[in-house]
Amino acid sequence: MADRAVALRIAALGVALLLAALTLGSAIIVAARATSWTLGPADGAALRFTLLQAALSAGLSALLAVPVARALMRRRFLGRGVLIRLMAAPFVLPVVVAVLGLLAVFGRAGPVNGALAALGLPALSIFGLHGVVLAHVFLNLPLAVRIILMGWQAIPAERLRLAQSLGFSDRAMFRHIELPMLRAVLPGAGAVIFLLCLTSFAVALTLGGGPKSSTLELAIFQALRFDFDLGRAALLAALQFALCAAVTVATARVASPFGFGAGLDRAVLPFAPRGWRAALDAVAIAAAALLLLAPLLAVVVRGVPGLLDLPSGVWPAALRSVLVALASAALAVAAALVLALALAAVPLGRFGRGIEMVAMLPLAASGLVMGVGLFLVIHPVARPESLALPVTVLVNATLSLPYLFRLLLPQARQVVADYGRLSASLGMGARARLRWVILPRLSRPLGYGAGLAAALSMGDLGVIALFAGDQGATLPLMVQRLMGAYRMEQAAGAALLLVSLSFGVFWLFDRIGDRNADA
Amino acid sequence: MLTLDALTIRQGDFSLTADWSVAPAERVAIIGPSGGGKSTLLMTIAGFIPLTSGRLLWQGRDLVGVPPGQRPVSMLFQDQNLFPHLTVAQNLGLGLSSDLRLTSVQVDQVESALRRVGLEGMGERKPSELSGGQQGRAALARALLRARPVLLLDEPFAALGPALKAEMLDLVAEVASETGAAVLMVTHDPADARRFADKTVLVADGVAQAPQPTAALFAEPPQALRDYLGTA
């Protein structure tokens with residue numbers, strides 16, 4: 001037993017060191033290569049734009065989520081369960097697919113601008129700050145809704161019944177029930193979204209651009225890819241790292257990015273006022289559903305004809321994407337399992353806290369900073385293009401690890417608490433435990449986590465853009481290139497393929513996990 | 001012979017000493033107030049809690065440092081004695097081969113152990129499809145298969161009603177006499193001790209006293225036992 005615990009600790013230590021090297025190490029390598037420490041005017045503008053769009057996106061997402069969550073919480077209607085489940089979809093939706101859908105709806109020739117023109121109003125541009133914020137709200141509003149719904153869920157049923165029996169008015173309900181809950185969960189939701197938007201790359205790449213609306217992440221990419229100015233890329237990457245680290249530390253106490261998880265279906269309906277408030281709820285639900293569904297629908301409608309006319313490069317790109325997704329899911333799951341099991345086996349000491357902290361590091365890391373770090377390491381010894389896929393696998397696995405770790409840890413603790421002694425008293429070795437106890441007991445979170453990691457990796461458009469040559473693109477990169485070339489129909493077809501594959505792998509892994517879990 | 005030689009367990013403020021032994025095939029009840037260390041004593045013998053000082057011997061061999069699975073001990077816990085995702089037969093099979101690679105002979109052994117405890121034909125069921133009493137039987141059947149010379153029971157039948165519990169204790173007695181195992185059983189119920197155990201260990205005030213004949217102990221209970229029983 002002692003040997004087994006030691007071996008597990010050593011493995012966990014190895015994983016933790018690798019994580020630290022990828023996140024902190026890459027930042028150090030990058031900072032060491034910066035040639036000057038003065039920011040040019042364009043760099044300052046990128047920094048300001050990054051902060052502005054992140055603040056707007058986080059604020060809008062969090063505020064708009066409040067009425068939507070309230071309406072979902074107190075109304076019952078057909079499709080409510082489906083809508084709540086759909087709220088989890090943008091998390092695994094490839095960003096470039098979302099952008100394509102938003103372009104179809106809000107773009108120059110889209111229905112929104114058509115309606116505005118019919119009313120004689122000026123057209124809305126989807127590029128620049130508008131577009132970046134719109135895309136971020138589309139991607140993150142559902143996350144905020146789910147976090148607030150969890151807040152509602154956490155209110156004890158007794159308190160709601162008490163409020164009802166005291167005959168609380170709507171105003172009193174808001175003051176004594178909803179507001180305290182929002183005060184507890186909203187800052188966290190906002191902080192998480194702010195952090196996610198700080199490191200957003202694909203949205204800025206497709207909808208931003210130009211000196212006025214470039215994020216730091218995009219500026220890093222352009223410095224490296226177009227100007228091949230390693231010194232400047234390094235400076236920007238160091239700045240990005242410092243920014244992420246500062247925001248993470250500042251919000252560490254409120255931020256909890258884990259707004260997924262089952263069980264958002266409370267049976268009781270504590271209060272559902274009629275009249276204009278019911279109408280308002282209906283509007284909130286309809287608007288959220290429309291914002292969520294219209295772009296997805298647009299991708300399907302536009303993509304179906306495009307599917308028949310896909311350029312020849314799409315299929316090899318799809319294969320590469322599937323392989324990258326599977327490899328990075330396997331890597332992330334294995335690493336997260338090692339960390340969770342090692343942590344579950346020991347009481348929370350310095351070792352445990354250290355592991356927990358390192359496992360959370362990637363949340364503060366930027367894919368592009370890691371990418372630049374790896375680029376600087378690889379560049380002198382090999383052609384970066386030749387290692388594009390392995391690097392993408394590694395970076396994607398790292399970025400999804402915190403989510404998997406959080407998913408697995410509580411259940412790993414439970415397994416150790418419930419069956420650790422029984423397994424030991426039966427003399428089960430490491431392999432027997434893994435095969436007969438751990439994998440079956442953790443089957444559900446493992447399946448869900450693997451699906452999450454695979455889908456995130458499948459849709460990722462970040463580090464691959466930094467490394468890939470003309471050949472060897474993944475599917476998201478292919479979609480982006482087709483968009484850049486204004487071949488919109490083909491882009492939509494490839495996007496439809498991409499989103500099907502993403503949701504497909506997610507569904508498949510989740511299903512495998514479910515099927516192997518019983519009792 | 002299982003020997004607890006000047007054994008001491010210390011955990012923070014808690015401490016427990018024991019200095020006695022149990023002969024093969026002997027049946028011993030362990031009784032005393034909750035929090036007194038009954039379970040701790042069993043966990044120490046099973047190898048889950050280290051001793052602070054003293055020795056723990058089986059037939060003269062020191063057990064300190066021997067992993068739980070390799071000790072001459074089978075243990076029934078308060079709960080979680082069966083893996084809920086494995087079938088009853090697989091749960092029993094783990095008693096013969098911890099990686100569940102069973103020979104055909106072993107498969108037959110599992111079958112006859114099931115028959116022995118009255119669970120014939122239930123091997124393919126999941127534990128959740130069994131009643132509480134049947135789950136206890138399955139755990140006992142596994143102990144039967146492991147055939148270790150010491151059987152530790154940490155109140156595994158506490159959740160059962162009196163009649164069912166008595167039935168289970170009789171089955172434990174039968175199983176133990178078939179395998180010749182010594183049994184140490186934690187209980188908070190004097191009736192269990194009287195029914196099942198020739199000797200009883202009283203655990204109170206930081207000491208696990210040497211086993212005494214059960215009947216005599218209850219006939220003239222010492223002060224600590226009177227306090228526990230609530231008799232004057």
Worksheet, complete the sentence: Inter-part gap, Cα centre of the stretch B:57-74 to Cα centre of the stretch A:92-159, in whole angstrom, is 65
Item to complete: Compute the semi-axes of the equivalent ellipsoid of the stretch A:53-305, taking the square root of 5 times each eigenvalue of the Cα gyration tensor, and list them largest first in whole Å.
Response: 35, 24, 15
Discussion item. Give the lysines whose C-alpha is closer than 16 Å to that of B:Lys38, dropping any in the same chain fewer than 8 places away, or say none.
Written reply: B:Lys199
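Kindly state, to the nearest 0.05, the FRET efficiency for A:Arg225 paired with A:Gln414, given R0 = 60 Å and r defined as their beta-carbon distance.
In this case the efficiency is close to 0.80.
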Response to the item:
For the stretch B:82-146, inverting the pair-averaged 1/r of distinct alpha-carbon atoms gives a Kirkwood value in Å of 11.2
Worksheet, complete the sentence: Computed on Cα atoms only, the convex hull of the stretch A:22-104 has an orientation-averaged projected area in nm² of 9.3
Practice prompt. Specify, per residue and in Å³, the volume enclosed by the convex hull of the alpha carbon atoms belonging to chain B.
Written response: 125
Worksheet entry | DSSP beta bridges in chain B [antiparallel fraction, %, rounded to 5] | 50
Practice prompt. Please give the average number of partner chain Cβ atoms lying within 10 Å of the Cβ of each residue in B:76-84, rounded to a whole number.
Written response: 4
Worksheet entry | Whole-Hz couplings from phi, Karplus 6.51/-1.76/1.60, listed for the stretch A:72-89; x for Gly and Pro | 4, 6, 10, 10, 10, 7, 5, x, 4, x, 4, 4, 5, 5, 4, 4, 7, 5
Worksheet item: Non-local amide H neighbours of B:Ala204 (under 5 Å, H modeled in plane, Pro and chain starts lacking H): which ones?
Response: B:Gln209
Worksheet item: When every alpha-carbon pair in the stretch A:122-223 is counted, what percent end up more than 23 Å apart?
Response: 47
Worksheet, complete the sentence: Scalar couplings 3J(HN,Hα) for the stretch A:456-465 by Karplus 6.51 cos²θ - 1.76 cosθ + 1.60 (θ = phi - 60°), nearest whole Hz, x for Gly and Pro, are 4, 6, 4, x, 5, 10, x, 5, 5, 5
Discussion item. Give me the Å³ per residue figure for the convex hull around the C-alpha atoms of the stretch A:5-145.
Written reply: 205
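For the stretch A:368-481, state the semi-axes of the equivalent ellipsoid (square roots of 5 times the eigenvalues of the alpha-carbon gyration tensor), sorted largest first and rounded to whole angstrom.
Ellipsoid half-lengths, sorted descending, are 38, 15, 11 Å.
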Worksheet entry | Values of log10 I(q)/I(0), in the order q = 0.08, 0.11 Å⁻¹, for the protein assembly as shown under a Debye, Cα-only, solvent-free model | -0.80, -1.14
Worksheet item: Per residue of A:237-250, how many C-beta atoms from partner chains lie within 10 Å of its own C-beta, taken as a mean?
Response: 0
Item to complete: Divide by every residue of chain A the summed helix terms, -39500 (n - 2.57) for each DSSP H run of at least 4, and state the resulting mean residue ellipticity at 222 nm, rounded to the nearest 500 deg cm²/dmol.
Response: -24500 deg cm²/dmol
Discussion item. Using each residue's phi in the stretch A:498-514, evaluate 6.51 cos²θ - 1.76 cosθ + 1.60 at θ = phi - 60° and report the 3J(HN,Hα) Karplus result to the nearest Hz, with x for Gly and Pro.
Written reply: 4, 5, 5, 5, 4, 5, x, 5, 4, 4, 4, 5, 4, 5, 4, x, 5
Worksheet item: Relative to the longest principal Cα axis of chain B, at what angle does helix B:162-179 sit, 0 to 90 degrees, rounded to 10?
Response: 80
Worksheet item: When a footprinting reagent is the concern and you count Cβ atoms within 10 Å, what order do A:Trp507, B:Trp20, A:Trp152 take, fewest first?
Response: A:Trp507, B:Trp20, A:Trp152
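Compute the whole-percent fraction of alpha carbon pairs in the stretch A:67-186 spaced more than 25 Å apart.
Every Cα pair in the stretch A:67-186 considered, those over 25 Å come to 44 percent.
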Discussion item. Give the aspartates and glutamates reachable from A:Lys212 as a straight Cα distance under 13 Å; neighbours fewer than 8 places away on the same chain don't count.
Written reply: A:Asp43
Worksheet item: Given N residues in the stretch A:382-448, what is Rg(Cα) / (2.2 N^0.38 Å)?
Response: 1.56
Discussion item. Let me spell out the model: positive unit charges on the Cβ of Lys and Arg, negative unit charges on the Cβ of Asp and Glu, origin at the Cα centre of the stretch A:53-305. What dipole size does that give, in debye rounded to 20?
Written reply: 780
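How do A:Lys212, B:Lys165 line up, fewest other C-beta atoms within 10 Å first? The partial results should precede the final answer.
Details: A:Lys212 12, B:Lys165 22.
By the 10 Å Cβ count, ascending, the order reads A:Lys212, B:Lys165.
Taking R0 as 30 Å, what's the FRET efficiency between A:Thr35 and A:Phe351 from their Cβ-Cβ distance, rounded to 0.05?
Computed FRET efficiency for A:Thr35 and A:Phe351: 0.15.
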Worksheet, complete the sentence: Sorted by chain and then number, the residues having a modelled amide H within less than 5 Å of the amide H of A:Thr215, at least 5 places away or on another chain, are A:Gly209
Discussion item. Quick check on the exposure proxy: order A:Cys197, A:Cys244 from fewest to most C-beta atoms within 10 angstrom.
Written reply: A:Cys244, A:Cys197
Worksheet entry | Highest average packing first - A:117-124, A:366-373, A:236-243, Cβ atoms within 10 Å | A:366-373, A:236-243, A:117-124
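Values in this text are rule-based calculations from the coordinates and carry no lab data. Just so it is clear, the structure is predicted and the values come from calculations on it, not from any experiment. Cβ: placed from backbone, ideal geometry, glycine included. Neighbour counts: every protein chain shown.
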